[in-house]
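*Asks:* I have a structure here, written as structure tokens, and I will follow up with some questions on it.
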Amino acid sequence: MPIISLKDVSKLYGFGDATTVALDEVNLDIEAGEFVAVMGPSGSGKTTLMNIIGLLDRPTHGQYKLSNRAVEKLRPGQRAKARRDRIGFVFQSFNLLPKLNVLDNVALPLVYRGVRPVKRLKRAADLLERVGLEDRQYFMPNALSGGQIQRAAIARALVNDPQIIIADEPTGNLDSISSLVVMELLSELNKTGNTVLMVTHNPELTRYADRAVYMHDGAIVHDQKTAKGQIPQLAKKTMQLFPRRSEEDDLAGVSAMMELLPQKDGSKAKKTKSKKAKKKSRVKHKVKSTKDKDV
Amino acid sequence: MYSGNYSFALRIIRRSKWQSFFTMFGIIAGIVSVVTVISLGQGIKQQIVQQVSQLGSDLVTVRPGNVVTRDKNGDIVEVNPNYAYGFGSGSLSEDDVDAIASSDNLADFSAISLLNSGASSGDETYNSGFVLGTDVNFPSIINQEVEFGSYFTTGEQTRSVVVIGKRVAEQLFKENVPIGQSLTIRGQEFIVRGVFEEFASGILGQGIDLNSGIYAPRTQLNSVAPQSTQLVRVLVRPDQPANTDKLVKQIDTKITKLHGGQKDFAVIRQEETIQITGDILNKLTGLIAGIAAISLLVGGIGIMNIMLVSVSERTHEIGIRKAIGATNRQIRNQFMAEATMLGLIGGFWGIVLSYLVNYIIRITTELKPIILLEVIIFASVVAIIEGVIFGTIPAIKAARKNPIDALRNNA
Ligand SMILES: Nc1ncnc2c1ncn2[C@@H]1O[C@H](COP(=O)(O)OP(=O)(O)OP(=O)(O)O)[C@@H](O)[C@H]1O
Ligand SMILES: [Mg+2]
């Protein structure tokens with residue numbers, strides 16, 4: 001039974017002519033213990049998908065089951081507790097609180113769980129040791145390097161022992177060495193049983209994943225299982241086309257990869273595209289009908 | 001469970017000290033005014049209790065001015081504050097004194113006249129006091145000892161001698177025991193023959209410091225400054241405490257008759273002075289309470305304002321906290337803690353400032369305000385409650401923020 005199960009999940013922003021379809025009837029099942037890399041060009045809905053899976057955002061339509069439990073039925077307090085206990089977030093922009101030192105930052109989720117101060121600081125210290133920051137406990141975040149901050153953020157994500165780690169471009173602001181350290185950490189977590197969802201623009205990083213999901217215009221256009229340590233075919237192709245040098249190159253590479261799709265599997269991509277067009281108009285209809293109801 | 005909300009709040013408040021100070025200014029002002037007024041009242045009440053115990057509860061005071069309005073039973077229904085403060089003036093005469101002297105049930109009495117004038121001695125002049133014309137009964141009727149020297153005797157009623165209060169000794173003669181020295185009033189030289197013990201404040205009425213008085217024989221003072229003195233008090237003691245009411249009625253009837261039915265004087269029993277002062281205090285307290293309420297409201301709005309600013313400035317922080325699992329209630333509590341902390345700190349500084357104001361009042365006036373522990377506790381509670389009340393709306397606003405919108409707000 002999948003730990004995460006999305007059925008026809010859509011997310012719309014705005015209304016009327018200005019409606020943006022950020023997610024377009026996405027269907028996705030993720031089994032416990034999977035390491036899923038999510039790729040796709042800018043604006044394709046990767047962050048939106050992560051936010052919905054991470055219970056930070058709600059889908060406009062569709063059903064989301066977390067451990068076979070319909071998420072729509074959760075009250076706000078229960079959603080917060082699910083975020084706290086079951087999901088750990090790692091953000092591209094780190095999102096540590098600048099006014100708290102590293103140790104307090106890592107211990108913060110435990111505060112919300114009601115763990116006593118001594119115990120929570122002990123646990124936070126343990127986790128900082130695990131990410132190799134035991135000598136940076138009392139530093140303020142702005143005194144750390146990007147890689148160190150991200151490791152602290154990973155320690156924070158782990159402090160409540162969550163089943164799912166959601167990392168939205170965790171290496172987006174890091175140099176290649178720091179990226180490697182962060183990826184090794186995520187990979188290690190995955191090995192010890194965590195389900196990891198990671199958005200990345202860097203095809204090379206998909207080697208850590210055992211599944212790669214490609215998004216385009218709010219839809220999943222390709223979903224392939226890969227062996228760990230190998231870069232999937234599709235990603236490889238973009239790498240060969242554009243030898244990686246910088247983040248922009250990655251972006252360009254991913255976009256290029258998307259253009260490659262129809263050539264590689266023309267019929268499938270075409271089908272997806274036409275289906276998507278239909279869906280888009282259907283979604284628009286839905287919006288209209290709800291609007292009519294409101295009036 | 002300790003969540004660290006309060007220490008975090010403290011850090012936030014320290015970060016923006018000046019902003020926080022202005023926010024708390026309203027609370028501080030409100031607390032200072034409430035504490036000061038209540039402690040002034042407390043001090044005055046304390047004085048009166050002392051005064052009653054010094055003068056004896058059977059002492060009857062006749063004084064100029066229609067200080068009180070009474071009902072048929074003789075109970076006070078209204079206090080006229082215009083007449084109640086200071087000596088009063090004008091409406092008593094020697095005839096009234098004679099009428100009082102001829103009353104039944106009278107054990108003792110002492111008439112006091114006022115010459116609103118200073119004195120000089122050599123090159124020194126003394127203008128911050130007054131001269132009282134008294135008789136030999138004066139010290140015994142107000143139960144006041146002469147510390148150095150002695151009071152004048154019956155035989156000296158027409159001699160130029162004075163007994164002085166301590167402030168006069170200090171300020172005019174620059175010494176504690178200027179006995180045998182002389183001072184000049186209206187061109188007449190008076191020999192100092194005694195110095196009174198320190199007077200408690202408020203003995204003859206609020207706003208009168210008897211330590212700045214020069215006490216001369218009334219007969220002699222009248223001849224030195226004819227037409228210039230005014231009778232301001234006649235202190236009367238009944239033969240038995242049980243006859244106090246009888247005596248009061250007699251004097252009242254007699255003087256009313258002498259004044260052609262006009263109630264331009266007051267005959268007051270000691271315990272009534274508590275009522276009179278209490279009444280004045282209540283009017284004053286009502287006024288200041290209004291001011292205090294307004295400043296507390298302003299303070300509260302200040303808290304609300306800074307908290308709203310804080311909530312919107314820290315939207316991103318709220319987003320992060322929610323992302324890692326803070327519930328709406330926990331976010332609300334965090335901001336409530338901060339508002340409460342603002343109230344508490346405002347309350348603390350209000351109390352500190354109240355003590356300062358208290359000290360200043362003590363050294364610059366003859367009032368002796370007393371800050372009671374109850375008032376301090378009350379002020380602290382008010383400050384905290386204020387933080388809670390005015391922190392609620394901002395805290396709810398913070399708690400209701402949508403996590404993803406808050407997280408995206410990266411100011
Ligand atoms: N709050 C919002 N209001 C309106 N439109 C939004 C909002 N958030 C996202 N969108 C739109 O939804 C689409 C998907 O955005 P999303 O952030 O999920 O893309 P992404 O794949 O994460 O892109 P990137 O790689 O640049 O991070 C975009 O077209 C974006 O403009
Ligand atoms: Mg994104």
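The values are calculated or read from the model by the stated rules, or taken from the named source; none is laboratory data. Note that this is a predicted model, so its numbers are computed, not measured. Methodologically, a virtual Cβ is constructed for each residue, glycine included, from the backbone with ideal geometry; neighbour enumeration extends over all protein chains shown. Quick note on the areas: whole protein, heavy atoms, side chains included, nothing else; ligands and nucleic acids left out. Shrake-Rupley method; radii C 1.70, N 1.55, O 1.52, S 1.80 Å.
*Asks:* Over 24 Å between C-alpha atoms is what I'm after, so list which of B:LYS166/B:LYS368; A:LYS99/B:LYS322; A:LYS122/B:LYS401; A:LYS99/B:LYS397; A:LYS122/B:LYS17; A:LYS81/B:LYS17 land there.
*Replies:* The answer is A:LYS122/B:LYS401; A:LYS122/B:LYS17; A:LYS81/B:LYS17.
*Asks:* Sticking with this structure for a sec: Just tell me which aspartates and glutamates come within less than 13 Å, Cα to Cα, of B:LYS174; anything on the same chain fewer than 8 places away is out.
*Replies:* The reachable aspartates and glutamates, counting only those whose Cα sits under 13 Å from B:LYS174, are B:ASP123, B:GLU124.
*Asks:* Once the Cβ-Cβ distance between B:GLU94 and B:ILE288 is put in as r, and R0 is 41 Å, what FRET efficiency do you end up with, to the nearest 0.05?
*Replies:* 0.45
*Asks:* If a/c stays under 1.5 just call it rounded; otherwise compare a/b with b/c (prolate if a/b is bigger, oblate if not). Do that for region B:113-234, with a ≥ b ≥ c from the square roots of the Cα gyration tensor eigenvalues.
*Replies:* Note, shape of region B:113-234 comes out rounded.
*Asks:* So which residue, out of B:VAL236, B:VAL77, B:VAL267, gets the largest mean-square fluctuation from a GNM of chain B using Cα contacts under 10 Å as springs?
*Replies:* Maximum among the listed residues: B:VAL77.
*Asks:* Grab the beta carbon distance between A:LEU180 and B:ILE389, set R0 = 51 Å, and tell me the FRET efficiency rounded to 0.05.
*Replies:* 0.40
*Asks:* To continue, here is another question. Give me the dipole magnitude in Debye, nearest 20, for the protein assembly as shown about the Cα centre, with unit charges on the beta carbon: positive for Lys and Arg, negative for Asp and Glu.
*Replies:* The calculation lands at about 6040 debye.
*Asks:* Can you give the average number of partner chain beta-carbon atoms within 10 Å of each beta-carbon in peptide A:48-61, as a whole number?
*Replies:* That works out to 2 on average.
*Asks:* Can you tell me which of B:GLY41, B:GLY187, B:GLY86 moves the most in a GNM of chain B? Springs connect C-alpha atoms under 10 Å apart.
*Replies:* Most flexible of the set in this elastic network: B:GLY187.
*Asks:* With an 8 Å cut-off on Cα pairs and a minimum separation of 6 or more residues, tell me the relative contact order of region B:113-234 in percent.
*Replies:* In percent, rounded to a whole number, it is 35.
*Asks:* Enter the mean projected area of the convex hull around the alpha-carbon atoms of the protein assembly as shown, in nm², rounded to one decimal.
*Replies:* 47.5
*Asks:* OK, next. Using a 7 Å offset from Cα along Cα-Cβ at B:VAL309, what residues in region B:383-411 end up with backbone N under 18 Å from the label point?
*Replies:* What the label zone holds, given the 18 Å backbone N cut-off, is B:387, B:390-395, B:398, B:411.
*Asks:* Modelled label-to-label distance, B:GLU271 and B:ARG408, 7 Å Cα→beta-carbon offset: nm?
*Replies:* Each label point is offset 7 Å from its Cα along the Cβ direction, giving 7.7 nm.
*Asks:* Now for a different question. In nanometres, what is the gap between the two model label sites at B:ASP123 and A:ASP126, each 7 Å from Cα along Cα-to-Cβ?
*Replies:* So the label points at B:ASP123 and A:ASP126 sit 8.7 nm apart.
*Asks:* Right, another one. What is chain B's relative contact order, in percent, from Cα pairs under 8 angstrom and six or more apart in sequence?
*Replies:* 28
*Asks:* Indicate the gyration tensor shape class of region B:215-261 (rounded, prolate or oblate), computed on the Cα atoms with a ≥ b ≥ c the square roots of the eigenvalues: a/c under 1.5 is rounded; otherwise a/b larger than b/c is prolate and the rest oblate.
*Replies:* It is oblate, given that a/c is not under 1.5 and a/b is not larger than b/c.
*Asks:* Taking only Cα atoms and a 10 Å spring cutoff, compute GNM fluctuations for chain B and point out the largest among B:GLY202, B:GLY56, B:GLY180.
*Replies:* Among B:GLY202, B:GLY56, B:GLY180, the largest mean-square fluctuation in the Gaussian network model of chain B belongs to B:GLY180.
*Asks:* Might you work out the accessible area of B:HIS259 for me, using a 1.4 Å probe with all protein chains in place, and round it to the nearest 10 Å²?
*Replies:* Approximately 40 Å² for this residue.
*Asks:* Under a plain spin-label model, where a point goes 7 Å from the Cα along Cα-to-Cβ, how far apart in nm are A:GLN224 and B:ASN143?
*Replies:* About 10.7 nm, to one decimal.
*Asks:* I would also like to ask the following. Please work out how much length the chain gains when fully extended from B:VAL352 to B:THR69, using 0.36 nm per residue of separation minus the C-alpha to C-alpha distance, in nm with one decimal.
*Replies:* Value of the extension gain: 97.8 nm.
*Asks:* Another one. Tell me the per residue accessible area of region A:1-72 using a 1.4 Å probe; a whole number in Å² is fine.
*Replies:* For region A:1-72, the per-residue accessible area is 37 Å².
*Asks:* Highest mean first, what order results for A:214-220, A:181-187, B:145-151, A:152-158 on Cβ atoms within 10 Å?
*Replies:* A:152-158, A:214-220, A:181-187, B:145-151
*Asks:* Can you figure out the FRET efficiency of B:ASN243 with B:THR153, using R₀ = 30 Å and their beta-carbon distance, to the nearest 0.05?
*Replies:* 0.55
*Asks:* With an 8 Å Cα cut-off and a minimum separation of 6 or more residues, compute the relative contact order for region B:137-192 in percent.
*Replies:* 29
*Asks:* Could I ask something else about it? P(r) for region B:10-59: what percent of alpha-carbon pairs falls in each 10 Å bin, starting at zero?
*Replies:* Bin by bin from 0 Å, the calculated values are 22, 24, 19, 16, 11, 7, 1.
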